[in-house]
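Worksheet: the structure to be examined is printed underneath.
The values are calculated or read from the model by the stated rules, or taken from the named source; none is laboratory data. Everything quoted here is computed from the prediction, not taken from an experiment. Ideal geometry is used to build each Cβ from the backbone, glycine not excepted, and the neighbour counts take in all protein chains shown. Note: accessible area is taken over every heavy atom of the protein model, side chains too, but ligands, DNA and RNA are not part of it. Shrake-Rupley method; radii C 1.70, N 1.55, O 1.52, S 1.80 Å.
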Amino acid sequence: MKMNKVRQAIAEGRLAIGTHCTSEDIGLYEICGKCGYDYIWIDAEHGPMTLNTILDGIVGTASGGCDSFVRVAKNDPVLAKPVLEMGADGIIFPMINTPEEAETAVKSCMYPPMGTRGYGPIRALDYCGNADEYIKSADNGIFKIIQAEHIDCVNNLDEILDVPNIDLVMVGPMDLSASIGKLGKLADPEVRELIKKIAESCKAHRVPFGLSVGYDLDLVRYFIELGAACITMGNAYAYFAMMSDRAIGDIRAMEKDLR
C-alpha cells in the first residue's frame, strides 16, 4: 500500500493536519492536498455523500498527495467494507463508547483470522500492485480510527484502548460537550477536563489522539499542548465563507475611500 502520511508524521513526532470535506467536486479534494494538508476527512456521517462521491473524494485526495480518511455513518462493517475496497487510507468510526463497539470497528478493517473483513478490494489493489502484496499490507496499512465523543466513551476509554489495533482516537468535542448537557461550550472547565482525561488515557496506552473541530484556534492550541498527533479543523464551506467575508469587507472599505 502507499505510504500513509499521517502514520509517517506520527512516527516523526510531527503534527498531522487535516480538514473536513463533503463536496461532490473531485477537484476540491485535490486542491486540499496541494494546499499542504496531510489528510482529508471525507464525512459520510453528516455530509450528503453517496458511494460515488466518496470514491471521488478518495481519488481526488490521492491526486492531491495526501491521505483519505472516511467517516462512515455509523459503526457498521457493511458501511466500512465498500469504502475499504475503494482504497481509503483509513476509516473513522463515530460514537465508540464500549470495548465491544471498538472491537467491531477494528475487526471490520482486517481480514481473518485477525478480523472479519470480506475479500474484494477491487480498486484498492491499484495502490499496491497485486493481490498478494495487498493482503500482506492491508491489515496494518489501513488506519483504524475511533471517535471519542461521549461521556460513556471517556468512562470506558481505558478498557476500549485495551482492544488491539486501534491506530488513532479522534475527539469530537461538540458531541462530547452535548453528552454532559453543555453543547458547544468547548471552553467549559468540565469539557476541558474530559478532553484531558482522554489525552491521559491515550498516552498511557500509547495510542495517538487527535481533534475534529471547526475553526477554533483556542481548542487547537489546547490539544497541541496536551500532545495531540492530529488536528482536523474547519471545512471548505467555512473557509470560503471566511475568505468571502474578508474580501467583501476589503472591497467595501476601498469603495468608501474612493467614492
Inset, instruction - Please work out which one of (1) assigned to a helix (DSSP H, G or I); (2) of a type in the set (A, V, I, L, M); (3) open to solvent by 20 Å² or more (accessible area, probe 1.4 Å) is the condition Ile198 fails and give its number. - result: (3)
Legend entry - Residues within the stretch 72-109 that are within 19 Å of the chain's Cα centre (by Cα), within 20 Å of Met170 (Cα to Cα) and assigned to a loop (DSSP other than H, G, I, E, B), tallied: 13
Legend entry - Residue, farthest from Gln8 (Cα to Cα), within the stretch 47-63, restricted to residues that are of a type outside the set (Val, Ile, Thr) and either surrounded by 23 or more Cβ atoms within 10 Å (Cβ to Cβ) or modelled with pLDDT under 95 (or both): Pro48
Inset, instruction - For the stretch 201-220, enumerate the residues that are over 15 Å from the mean Cα position of the chain (by Cα), small (Gly, Ala, Ser) and crowded, with 16+ Cβ neighbours inside 10 Å. - result: Ser201
Inset, instruction - Please tell me if Asp152 is modelled with pLDDT of 95 or more, part of a helix (DSSP H, G or I) and surrounded by fewer than 19 Cβ atoms within 10 Å (Cβ to Cβ). - result: yes
Legend entry - Residue among Ala238, Ala229 that is modelled with pLDDT under 95, under 18 Å from the mean Cα position of the chain (by Cα) and under 23 Å from Cys66 (Cβ atoms): Ala238
Legend entry - Number of positions in the stretch 33-43 that are in contact with a strand residue (DSSP E or B) (Cβ under 6 Å, 6 or more places away or on another chain) and open to solvent by less than 20 Å² (accessible area, probe 1.4 Å): 6
Inset, instruction - Please go through the stretch 155-174 and pick out each residue that is in contact (Cβ under 8 Å) with a residue 12 or more places away in the chain and open to solvent by 60 Å² or more (accessible area, probe 1.4 Å). - result: Asp158, Glu159, Asp162, Pro164, Met174
Legend entry - Scope the stretch 21-37; condition assigned to a loop (DSSP other than H, G, I, E, B), under 22 Å from Leu168 (Cβ atoms) and in contact (Cβ under 8 Å) with a residue 60 or more places away in the chain; matching residues: Thr22
Legend entry - Filter result for Leu125 (in contact with a helix residue (DSSP H, G or I) (Cβ under 9 Å, 6 or more places away or on another chain), of a type in the set (A, V, I, L, M), in a helix (DSSP H, G or I) and open to solvent by 10 Å² or more (accessible area, probe 1.4 Å)): yes
Legend entry - Given (1) in contact with a helix residue (DSSP H, G or I) (Cβ under 8 Å, 6 or more places away or on another chain); (2) open to solvent by 30 Å² or more (accessible area, probe 1.4 Å), number of the condition Phe223 does not satisfy: (2)
Legend entry - Residues of the stretch 81-105 satisfying the condition of being of a type outside the set (Ser, Thr, Tyr), closer than 23 Å to Ile198 by Cβ and surrounded by fewer than 24 Cβ atoms within 10 Å (Cβ to Cβ): Pro94, Met95, Asn97, Pro99, Glu100, Glu101, Glu103
